[in-house]
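Below is one structure, written out as structure tokens, with a few remarks after it.
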Amino acid sequence: MPDQLVFGMEVFLNGLMAGVLYALVALGFVLIYKASGIFNYAQGVMALFSALTLVGIMEGQVPFGHIINAVFGTEIHHFGWHVPAFAAILLTMGVMVLLAICVQKFVFRHLVGQEPIILFMATIGLAYFLEGVGDLMWGSEIKKLDVGLPQGINSAIDEATLGMFGYGFFIDNLDIVATLIATLLVITLVIFSQYTKQGRAMRAVADDHQAALSVGVSLNFVWVMVWSVAGFVALVAGIMWGTKSGVQFSLSLIALKALPVLMLGGFTSIPGAIVGGLIIGVGEKLFEFAVGPLVGGATENWFAYVLALVFLVFRPQGLFGEKIIERV
């Protein structure tokens, strides 16, 4: 088999794995948009905030420690204990639920029935607020996140492909785990949104806030529930990306890569987020492999956005999105 074809197969597999990580972030956008009609600009910052909180809890770091030390002249930075990964994840999820309750109580409860652009601007403010609070709580230095997930080359795949093609594929164990977790999340969320009472309430609220209220749907409960679920998705994405590249404030920028994913898959489709992520992941890797050397490289930085622009021109609702028809 030609070497270029073998290398292309490895690039394809790595693109699939990268696409799953993009899709994990896009899932949070889709969930909130389906339930409230809000494009949540803060989703990437939620992934960052959850990862910072997880590391802080695991390491026993004192929240707002440097502020406390500056005010009282102390030198307290850690409680002196370490929390196991599983317990820390549960505690972090509790923090994200508390965040959901606060977001609903102090922000979106006062914006019921407002125009989508006002709700979008509220999420921009929320994003910068969370980023600032995360910095004040846990500090801005790069942190290592280790919850026990396997990392490094998968030796089984390496040995199998070495025997088949004479060249071992480098497939990261963390990417394989992320793929399995994303698949399980998608199946669970599809079942939840389509076949449960709460899922139907989510869709009703997204269609019309006032109409949902008039038939007895609790807007407060639905929004707290969906922001909590989106917080859980953000936590999963934060764990995967934080384990892969460290917990740093640039982690919030993964939301920008999720935008092309949403444009391809559709803003209202959970399976579309996964398919869009896989298309973006595979497309940018293969494009860089085939075309990058001809144009000087670095095509991964813009390929996804060009592809999304093409979709906006010819199919603005995305592959799985609902086409909106307004009759006058």
Check: Of the residues Lys197, Lys34, Lys144, which exhibits the maximal mean-square fluctuation in a Gaussian network model of the chain defined by a 10 Å Cα contact cut-off?
Finding: Lys197
Next item on the list: Show which lysines lie in cross-link reach of Lys105 when reach means a straight Cα distance below 24 angstrom and same-chain residues fewer than eight apart are skipped.
Entry: Lys34, Lys197
Check: Taking the range 117-261 on its own, what percent of its Cα-Cα pair distances exceed 24 Å?
Finding: 52 percent
Next item on the list: On the protein heavy atoms, probe 1.4 angstrom, tell me the percent of accessible surface of the chain carried by carbon and sulfur.
Entry: 68 percent
Notebook entry, point to check: Which is farthest toward the positive dipole end of the chain among Leu126, Ile280, Gln151, measuring Cα position about the Cα centre, with Cβ charges +1 (Lys, Arg) and -1 (Asp, Glu)?
Noted result: Leu126
Check: Amide H neighbours of Val83 under 5 Å, counting only residues 5+ apart in sequence or on other chains, H built in-plane at 1.01 Å?
Finding: Glu59, Gly60
Next item on the list: Starting from the exponent 0.38 and prefactor 2.2 Å, build the expected Rg for the range 3-253 from its residue count and divide its actual Cα Rg by it.
Entry: 1.15
Next item on the list: Give, as ranges by residue number, the residues of the range 55-94 whose backbone N falls under 16 Å from the point 7 Å along Cα→Cβ of Gln198.
Entry: 93-94
Check: Among residues other than Leu286 whose Cβ falls under 15 Å from its Cβ, what is the net charge (Lys/Arg +1, Asp/Glu -1)?
Finding: -3
Check: Among all helices in the chain defined by DSSP H, which have a length of 18 Å or more along the axis from Cα atoms plus a Kyte-Doolittle mean of at least 0.0?
Finding: 3-36, 43-58, 85-106, 116-138, 173-195, 219-245, 270-290
Checklist line | FRET efficiency, Phe170 to Val306 (Cβ-Cβ, R0 25 Å, nearest 0.05) | finding: 0.35
Notebook entry, point to check: Relative to the Cα centre, what is the charge dipole magnitude of the range 3-253, using +1 at the beta carbon of each Lys and Arg, -1 at the beta carbon of each Asp and Glu, and rounding to the nearest 20 debye?
Noted result: 940 debye
Next item on the list: Name the lysines eligible as straight-distance cross-link partners of Lys257: C-alpha to C-alpha under 19 Å, and not fewer than 8 places from it in the same chain.
Entry: Lys244, Lys285
Notebook entry, point to check: What is the local net charge at Lys144, summed over the other residues whose Cβ is closer than 13 Å to its Cβ (Lys, Arg +1; Asp, Glu -1)?
Noted result: -1
Next item on the list: Run the quick spin-label model on Ser140 and Leu294: label points 7 Å from Cα toward the beta carbon, then report their separation in nm to one decimal.
Entry: 4.3 nm
Check: Can you list the residues, at least 5 places off or on another chain, whose amide H is less than 5 Å from the amide H of Phe169, using H built in the peptide plane?
Finding: Thr161, Leu162
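The values are calculated or read from the model by the stated rules, or taken from the named source; none is laboratory data. Since the structure is predicted, the reported quantities are computational estimates derived from the model, not experimental observations. Every residue, glycine among them, receives a Cβ derived from its backbone with ideal geometry; neighbour counts consider all protein chains shown. We work out accessible area using only protein heavy atoms, side chains counted, and drop any ligands, DNA or RNA first. Shrake-Rupley method; radii C 1.70, N 1.55, O 1.52, S 1.80 Å.
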